[in-house]
Amino acid sequence: MTDRSTQMALIGAGPVGLGMAKALLEHKILYEELEADDDLGGNWFHGVYETVHIISSRKTTEYADYPMPEHYPDFPSRQQMLEYLRDYAEKFGLRKHIQFHTKVVMAVPLADGKWELELATGEKRIYKGLIVCNGHHWDKRFPNYPGKFEGEWIHSKDYRSPAQLAGKRVLVIGGGNSACDIAAEAARVGKTSRLSVRRGYWFLPKTFFGIPSAEMMKPWFPVWAQRLMIALLLRITVGKYSQYGFPEPDHKIFEAHPTINSELLYYVRHGRIQARPDIARFEGKTVYFVDGRGEEFDLIVCATGYYVSFPFLPPGLVPVPLPDGSMFSKDEYPRAGTTREAVAKLKPAFRANGTVTAASSSGINDGAAALLVTSHAKRPLARIVASAVAGVDPSCMGLGPIPATRKVLQRAGLTIDQIDLIELNEAFAAQAIACIRELKLDPEKVNIYGGGIALGHPLGCTGAKLLTTLIHALQRRQTRFGLVTMCIGVGQGIAMIVERV
């Protein structure tokens, strides 16, 4: 454990992270900026396609204390945005405070207000506080329709260049900025370009009267007046969206983020993009829409947005208010001040020279966990690959996970080396060690956030707790397969393998 409790931890070196870093420096607040990538820039460095340009204007996007160069166009490109962010970091001396290739996999609040951070390397650090600027354009959200599409299926996050669209029959799902950009690219280089939307959008051109749309919206200009002005301009210059095959918006302008694109309606009028309604189902490469029409496609691009995710924060921890008004928000079982010398003085529980003591057994405490197991979900965390139950002689209670694990691995068609993380129910240290040795488990994969001996044994919810912990651990580590095992009285053992999805 590395003590950095005099400094703040700042996660992310994208546009927001850099702005926050400058503010910390100005106020002489010690900090370390932790960035998982090998360079700064966030989404502009790793997440956008080659031909992208900003939809807001240069003047509304730049930092207030560091204007973009005058020679930049109204809508800078990806490369120009990246160069601007790098210049900003150099100008204010931010780069030297950034630790690249430093991915945070877990951040836990401590009782004294400090934070414990675990890095992907396994290193743990204590910080004075935590500031999160990790962005949200990374946790891809996919739509879910009946059937299976047998062509190429990608998210807009995976789109990089027009070469991916060249000569293909392309369907883009969504009506946001990325969807319209990609549909326009497909109109130029693809065989066909279709855009499927399930609701009405406000499609605004990038400029009005030669002025970027975003710059026309002044703070002193009332919202009702902005809406009236834009609606009037659109009716004059565009007409009704239904004339282009799109549904009319079901909401007022600015109640949802408008789409800023000057090419979509242009290409629709030229027949290069055709509007389609929502999807009903897939059959092979054929997509059936809710209006009954069917059409074949080679590639579907899902421009369907992102989930706002913070995978390094403990998602399973729910604060509980107590009768005295305080908040129960931290596991109370781990005992501070425990020493090796104190543990060595404890008497064995079963035999005079035994190894099982109160310190090498799982303590009994309160706990609760909830799981939803279903055959169909829009966004499951994991799927059950296989499960197995086995038994051993009751005199060997605790070793049941050994035959159960061997059986479940065989059913899943996997080897133990393919398992990324393991939640092994710890009744006693001796029992856990025996299972680890017999199954040849990698100790670095077992109970990575603590087992029953460290955290306690919540009677009545052990299985749910172990599985919940495992699934969230797979999500945080971005690994694939997990194994959970339990030993039960009279020699029974249970094992299950899950896969992160």
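The values are calculated or read from the model by the stated rules, or taken from the named source; none is laboratory data. Quick caveat: nothing in here was measured; it's all calculated off a predicted structure. Virtual Cβ from ideal backbone geometry, glycine too; neighbours counted across all protein chains shown. Ligands, DNA and RNA are stripped out before the accessible areas are found, and what is left, the full protein with its side chains, is counted by its heavy atoms. Shrake-Rupley method; radii C 1.70, N 1.55, O 1.52, S 1.80 Å.
This table checks each residue for (1) over 30 Å from Tyr241 (Cβ atoms); (2) at pLDDT 95 or above; (3) out of contact with any Gly (no Cβ under 9 Å at 6 or more places or on another chain).
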| position | (1), (2), (3) |
| --- | --- |
| Asn134 | yes, no, no |
| Trp138 | yes, no, no |
| Pro146 | no, no, yes |
| Leu165 | no, yes, no |
| Cys180 | no, yes, no |
| Ala186 | no, yes, yes |
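Please indicate, with yes or no, whether at least one residue in region 247-270 is more than 33 Å from the chain's Cα centre (by Cα), part of a loop (DSSP other than H, G, I, E, B) and over 30 Å from Phe297 (Cα atoms).
No: zero hits.
Go through Glu444, Glu423 for me and flag whichever is crowded, with 21+ Cβ neighbours inside 10 Å, under 27 Å from the mean Cα position of the chain (by Cα) and not aromatic (Phe, Trp, Tyr). Quick ask: steps written out before the conclusion?
Working: Glu444 fails: crowded, with 21+ Cβ neighbours inside 10 Å.
Going through Glu444, Glu423 in turn, just one is crowded, with 21+ Cβ neighbours inside 10 Å, under 27 Å from the mean Cα position of the chain (by Cα) and not aromatic (Phe, Trp, Tyr): Glu423.
Do the conditions hold for Ala13, that is, is it aliphatic (A, V, I, L, M), part of a helix (DSSP H, G or I) and farther than 26 Å from Pro258 by Cβ? If you could, list the steps in order and put the result at the bottom.
On the way: aliphatic (A, V, I, L, M): yes; part of a helix (DSSP H, G or I): no; farther than 26 Å from Pro258 by Cβ: yes.
In short, no.
Okay, residues lined up against (1) in contact (Cβ under 8 Å) with a residue 12 or more places away in the chain; (2) in a loop (DSSP other than H, G, I, E, B):
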position: Met68; (1), (2): yes, yes
position: His71; (1), (2): no, yes
position: Phe75; (1), (2): yes, yes
position: Met81; (1), (2): yes, no
position: Tyr84; (1), (2): yes, no
position: Ala89; (1), (2): yes, no
position: Lys96; (1), (2): no, no
position: His101; (1), (2): yes, yes
position: Val105; (1), (2): yes, no
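Can you name every residue in region 271-288 that is over 13 Å from Gly175 (Cβ atoms), in a strand (DSSP E or B) and not hydroxyl-bearing (Ser, Thr, Tyr)?
Gln274, Ile279, Ala280, Arg281, Phe282, Glu283, Gly284, Val287
Could you check how many residues of region 113-147 are in a strand (DSSP E or B) and either of a type in the set (Phe, Trp, Tyr) or in contact with a His (Cβ under 9 Å, 6 or more places away or on another chain) (or both)? Step through it out loud before you land on a result.
We begin by selecting, within region 113-147, every residue in a strand (DSSP E or B); these are 115-119, 124-132, 140.
With the extra rule that they be either of a type in the set (Phe, Trp, Tyr) or in contact with a His (Cβ under 9 Å, 6 or more places away or on another chain) (or both), the set shrinks to 115, 127, 140.
Looking only at that region, the number is 3.
Can you give me the number of residues within region 372-395 that are in contact with a Ser or Thr (Cβ under 9 Å, 6 or more places away or on another chain) and part of a loop (DSSP other than H, G, I, E, B)?
Here the count works out to 1.
Which one of these does Met68 not meet: (1) surrounded by 17 or more Cβ atoms within 10 Å (Cβ to Cβ); (2) farther than 30 Å from Tyr449 by Cα; (3) within 23 Å of the chain's Cα centre (by Cα)?
It is condition (3) that Met68 fails.
Considering region 212-233 alone, what residues qualify as being out of contact with any helix residue (DSSP H, G or I) (no Cβ under 9 Å at 6 or more places or on another chain) and not basic (Lys, Arg)?
Hits for region 212-233 are Pro219, Trp220, Pro222, Val223, Trp224, Ala225, Leu228, Ala231, Leu232, Leu233.
Condition first: at pLDDT 95 or above, at negative phi and among the aliphatic types (A, V, I, L, M). Can you find one or more residues in region 228-243 that meet it? Outline the logic, then answer.
Just the residues of region 228-243 that are at pLDDT 95 or above, to begin with: none.
Within region 228-243, not a single residue is at pLDDT 95 or above, at negative phi and among the aliphatic types (A, V, I, L, M).
Test His53 against the stated conditions and say whether it is open to solvent by 50 Å² or more (accessible area, probe 1.4 Å), under 27 Å from the mean Cα position of the chain (by Cα) and closer than 22 Å to Ser262 by Cβ.
Details: open to solvent by 50 Å² or more (accessible area, probe 1.4 Å): yes; under 27 Å from the mean Cα position of the chain (by Cα): yes; closer than 22 Å to Ser262 by Cβ: yes.
Answer is yes for this residue.
Filter region 151-167 down to the residues that are touching a Phe, Trp or Tyr at 6+ places or on another chain (Cβ under 8 Å) and among the charged types (D, E, K, R), then identify the one that is most open to solvent (accessible area, probe 1.4 Å).
Checked region 151-167; the qualifying residue most open to solvent (accessible area, probe 1.4 Å) is Arg160.
Go through the residues of region 24-44 one by one and say whether even a single one is under 29 Å from Ile211 (Cβ atoms) and surrounded by fewer than 18 Cβ atoms within 10 Å (Cβ to Cβ).
yes
If you check Ala214, Ala184, which single one turns out to be open to solvent by less than 10 Å² (accessible area, probe 1.4 Å) and either touching a residue at least 40 places away in the same chain (Cβ under 8 Å) or not in a loop (DSSP other than H, G, I, E, B) (or both)?
Answer to the selection: Ala184.
Pick from region 470-494 the residues that are surrounded by 22 or more Cβ atoms within 10 Å (Cβ to Cβ) and in contact with a helix residue (DSSP H, G or I) (Cβ under 8 Å, 6 or more places away or on another chain): which of them is farthest from Phe310 (Cα to Cα)?
Checking each candidate, the answer is Gly493.
Filter region 316-366 down to the residues that are open to solvent by 80 Å² or more (accessible area, probe 1.4 Å), part of a loop (DSSP other than H, G, I, E, B) and at pLDDT below 70 and list them by number.
Matches in region 316-366: Leu317, Val318, Lys330, Glu332, Arg335, Ala336.
Tell me whether region 90-106 contains one or more residues that are under 25 Å from Arg477 (Cα atoms), open to solvent by 20 Å² or more (accessible area, probe 1.4 Å) and among the basic types (Lys, Arg).
yes
Within region 220-255, which residues are out of contact with any Gly (no Cβ under 9 Å at 6 or more places or on another chain) and in contact (Cβ under 8 Å) with a residue 40 or more places away in the chain?
Listed by number, the list holds a single entry, Ile253.
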